[in-house]
Amino acid sequence: MSNFELKNTPTWQNLEKHYIEEIQNVHLRDLFKDESRFNEFSVYDNNIGITFDYSKNIINSKTFKLLIDFAKAAKINEYTKKMFSGEKINWTEKRAVLHTALRNRSNNPIYVDGKDVMPQINAVLSKMEKFTNDLRSGKRSGFTGKKITDVVNIGIGGSDLGPKMVCEALKHYSDTINVYFVSNIDEADIDETLKKLNPETTLFIVASKTFTTLETVTNALTARQWIGERFTDNAVANHFVALSTNIKKVKEFGISENNVFEFWDFVGGRYSLWSAIGLSICCYVGFEKFKELLEGAYYIDQHFLNTPYEKNIPIIMAVLGFWYNNFFNASTYAVLPYSQYLHRFTAYLQQGDMESNGKIINFENNRVDYKTGPIIWGEPGTNGQHSFYQLIHQGTRFIPCDFIGFVNPVKKISDHHEKLMANFFAQTEALAFGLTKEQVVENLKKTGLSQEDIKVLTNHKIFEGNRPTNSILINNLTPKTLGALIALYEHKIFSQGIMWRINSFDQWGVELGKVLANIILSELKNESENSHDSSTKNLIKIFNANKK
Ligand code: F6P
């Protein structure tokens, strides 16, 4: 199949025809005349306490059927089985994709190149458990014998965003150890962090899959110097551990093998928080909580593997995103957590989704002629409401949104949580149904405004509505439900990658900038000639002329 035309397949054609003839002028107000709509378009999972309400989407029963037909024709289930069983579905890097093995609580064997990967995964988990317990109890101390109280994770991208997001989300469970995350190569990041710390009680976790990433290696060298200046180089063993697939490079850096927590090339960076990359999470909240996180993800893995398409939450999330992306021409997708604890969730998801599905070449190595991954963005509610929601409600763009909220607060303080969640429910209602001209005029009349003022204001106060949302309502924010939530999005991203026929697991698009930065670095250090386009050349000249 060297010339697969996705847009010419019957399932795509059916959707296109249906959109044009039956959906593009439909309003959610009309769709909700059907009282059974919520029952038809929602999934409740009692075991984990998640309600997924997708009834506020611009779909009817026929749309849903056609979307599921498309997903079936894409053979998502077949590819899912390939992924879970260790087939090398990341074909441009010739790698298996096995973040699911990291949380395989059944412990059933999974083979890559004929070798069961579970023993090595379990061995690293045990090593993480022992290390975490020793660190948190004070058994493993700093060079001068003092208890480690502060852990600094030095990493970037997948070696930063996942653990940072999870630590923020589970802050409530933290106790004896503080965590910090240094990612930016800008010295301000490490400098401002080190200022707060005492070298005697600080442990650095150098997290890098490749151990060649410029940002991480530079920050780690600065941290090592900071420790070396205060003690001797022998202190490195007490104050540094590494998380990596590249043991050789770690050793060259000066960290011995027993202080390395290994993972493998079948774990993609943006899917790595379940691996040794989660060590900062373990230090912060304890190994048991980390295990619960894995259990939550494993639960969703089983749901994703075994649930029919029609009730499969990640698949439904995927087809709805596809519906808006490819038929409504939506370019962006907002993810809006109504939880301060999830304030890094969307930033984490930006890498997860955009680095995975920001691709243009399909399974047949041809350029696609349809849109793939959308721009993911968002901030926690209600902060976003006082910032960008105006544009979602009344702007000219069409922006589908996911609202994520919790039934119970982690800690109840007066009526904060009811107020927060009242906003959650209000926003999805307002986005869907808006306010008609008649309603606006009636409301304005009640305020006693003159006819003239009503005339001026009316159009500005109309909300067209018909802005689609999913509501993900989770009973409680726990390590387990957090693990489940993350896995839902991981599998949504995977399913969309299959539907768009792209490789969600490579990231060649980040390479060119890295190569050019290395060339330019030597020019900034005046080690080589500046030979660029006139813009870049002159900017570099100005930089070199003005630097102190
Ligand atoms: O530049 C992108 C990237 O390769 C991500 O995919 C990855 O998560 C990040 O860099 C960090 O890479 P590493 O863990 O190898 O330092």
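The values are calculated or read from the model by the stated rules, or taken from the named source; none is laboratory data. Just so we're clear, the structure is a prediction, and the values are computed from it rather than from any experiment. In this analysis, Cβ positions are derived from the backbone assuming ideal geometry, glycine residues included, and neighbour counts consider all displayed protein chains. Side chains are part of the model used for accessible areas, which takes the heavy atoms of the whole protein and leaves out ligands, DNA and RNA. Shrake-Rupley method; radii C 1.70, N 1.55, O 1.52, S 1.80 Å.
Annotations for the structure displayed:
- Which listed residue is more than 16 Å from the ligand (Cβ to nearest atom) and either over 27 Å from residue 85 (Cα atoms) or hydroxyl-bearing (Ser, Thr, Tyr) (or both), from 244, 280, 275, 256: 256
- Members of the range 488-538 that are touching a helix residue (DSSP H, G or I) at 6+ places or on another chain (Cβ under 8 Å), more than 16 Å from the ligand (Cβ to nearest atom) and in a loop (DSSP other than H, G, I, E, B): 501, 526, 528, 529, 530, 531, 532
- Index of the failed condition, residue 7 passing every other in (1) farther than 30 Å from residue 435 by Cβ; (2) in a helix (DSSP H, G or I); (3) open to solvent by less than 60 Å² (accessible area, probe 1.4 Å): (3)
- Against the conditions (1) out of contact with any Phe, Trp or Tyr (no Cβ under 9 Å at 6 or more places or on another chain); (2) of a type in the set (Asp, Glu); (3) away from the ligand (no atom under 16 Å from the Cβ), residue 301 satisfies every one except (1).
- Unmet requirement for residue 155, which otherwise passes all of (1) within 16 Å of the ligand (Cβ to nearest atom); (2) under 14 Å from residue 135 (Cα atoms); (3) not β-branched (Val, Ile, Thr): (2)
- Number of positions in the range 485-509 that are surrounded by fewer than 14 Cβ atoms within 10 Å (Cβ to Cβ) and more than 30 Å from residue 392 (Cα to Cα): 1
- The set of residues in the range 134-174 that are small (Gly, Ala, Ser), under 21 Å from the mean Cα position of the chain (by Cα) and closer than 24 Å to residue 237 by Cα comprises 155, 159.
- Qualifying helices (runs of 4 or more DSSP H) (wholly inside the range 109-225; at least 3 residues being among the β-branched types (Val, Ile, Thr) and surrounded by 15 or more Cβ atoms within 10 Å (Cβ to Cβ)): 118-137
- From the list 214, 197, the one residue that fits, being aliphatic (A, V, I, L, M) and either within 16 Å of the ligand (Cβ to nearest atom) or under 27 Å from residue 353 (Cα atoms) (or both), is 214.
- Subset of the range 226-238 (residues that are part of a helix (DSSP H, G or I) and either within 16 Å of the ligand (Cβ to nearest atom) or crowded, with 16+ Cβ neighbours inside 10 Å (or both)): 226, 227, 228, 235, 236, 238
- Being more than 24 Å from residue 137 (Cα to Cα), crowded, with 24+ Cβ neighbours inside 10 Å and out of contact with any Pro (no Cβ under 7 Å at 6 or more places or on another chain) is a property that residue 276 lacks.
- Of all residue pairs spaced 6 or more apart or on separate chains, none has beta-carbon atoms under 7 Å together with a first member in the range 147-171 that is without any contact (Cβ under 8 Å) to a residue 40 or more places away in the chain and a second member that is open to solvent by 10 Å² or more (accessible area, probe 1.4 Å) and away from the ligand (no atom under 11 Å from the Cβ).
- Candidate set from the range 81-108 (those that are in a loop (DSSP other than H, G, I, E, B) and of a type in the set (S, T, N, Q)); member that is nearest to residue 365 (Cα to Cα): 92
- Among residues of the range 258-289, those that are outside any helix (DSSP H, G or I) and among the charged types (D, E, K, R), counted: 2
- Against the list (1) open to solvent by 50 Å² or more (accessible area, probe 1.4 Å); (2) in contact (Cβ under 8 Å) with a residue 12 or more places away in the chain, the condition residue 524 fails is (1).
- If you filter the range 467-484 down to residues that are surrounded by fewer than 23 Cβ atoms within 10 Å (Cβ to Cβ) and either at pLDDT below 95 or part of a helix (DSSP H, G or I) (or both), you find that the one that is nearest to the chain's Cα centre (by Cα) is 481.
Each row is one residue, and each column tells you yes or no for (1) in a loop (DSSP other than H, G, I, E, B); (2) surrounded by fewer than 17 Cβ atoms within 10 Å (Cβ to Cβ).
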| position | (1), (2) |
| --- | --- |
| 12 | no, no |
| 18 | no, no |
| 21 | no, yes |
| 33 | yes, yes |
| 44 | no, yes |
| 47 | yes, yes |
| 57 | yes, no |
| 62 | no, yes |
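- Of all residues assigned to the range 85-102, at least one qualifies as being surrounded by fewer than 22 Cβ atoms within 10 Å (Cβ to Cβ), in contact (Cβ under 8 Å) with a residue 60 or more places away in the chain and under 20 Å from the mean Cα position of the chain (by Cα).
- Looking only at the range 385-424, and only at residues there that are in a helix (DSSP H, G or I) and closer than 22 Å to residue 324 by Cβ, the one that is most open to solvent (accessible area, probe 1.4 Å): 390
- The residue list 364, 292 contains one member that is assigned to a helix (DSSP H, G or I), more than 24 Å from residue 38 (Cβ to Cβ) and acidic (Asp, Glu), which is 292.
- Residue check, residue 209 more than 16 Å from the ligand (Cβ to nearest atom), of a type in the set (Lys, Arg) and either in contact (Cβ under 8 Å) with a residue 60 or more places away in the chain or out of contact with any Asp or Glu (no Cβ under 6 Å at 6 or more places or on another chain) (or both): no
- Applying the criterion of being touching a residue at least 24 places away in the same chain (Cβ under 8 Å) and either part of a loop (DSSP other than H, G, I, E, B) or charged (D, E, K, R) (or both) to the residues of the range 301-332, the residue that is most open to solvent (accessible area, probe 1.4 Å) is 329.
- Test: residue in the range 448-466 that is closer than 26 Å to residue 427 by Cα and small (Gly, Ala, Ser): yes
- Taking the numbered list (1) assigned to a helix (DSSP H, G or I); (2) at pLDDT below 95 in turn, residue 2 passes all entries but (1).
The rows are residues; the columns are (1) more than 16 Å from the ligand (Cβ to nearest atom); (2) over 24 Å from residue 481 (Cα atoms); (3) not assigned by TED's automatic domain parsing to the domain that holds residue 274.
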| position | (1), (2), (3) |
| --- | --- |
| 92 | no, yes, yes |
| 107 | yes, no, no |
| 136 | yes, yes, no |
| 165 | no, no, no |
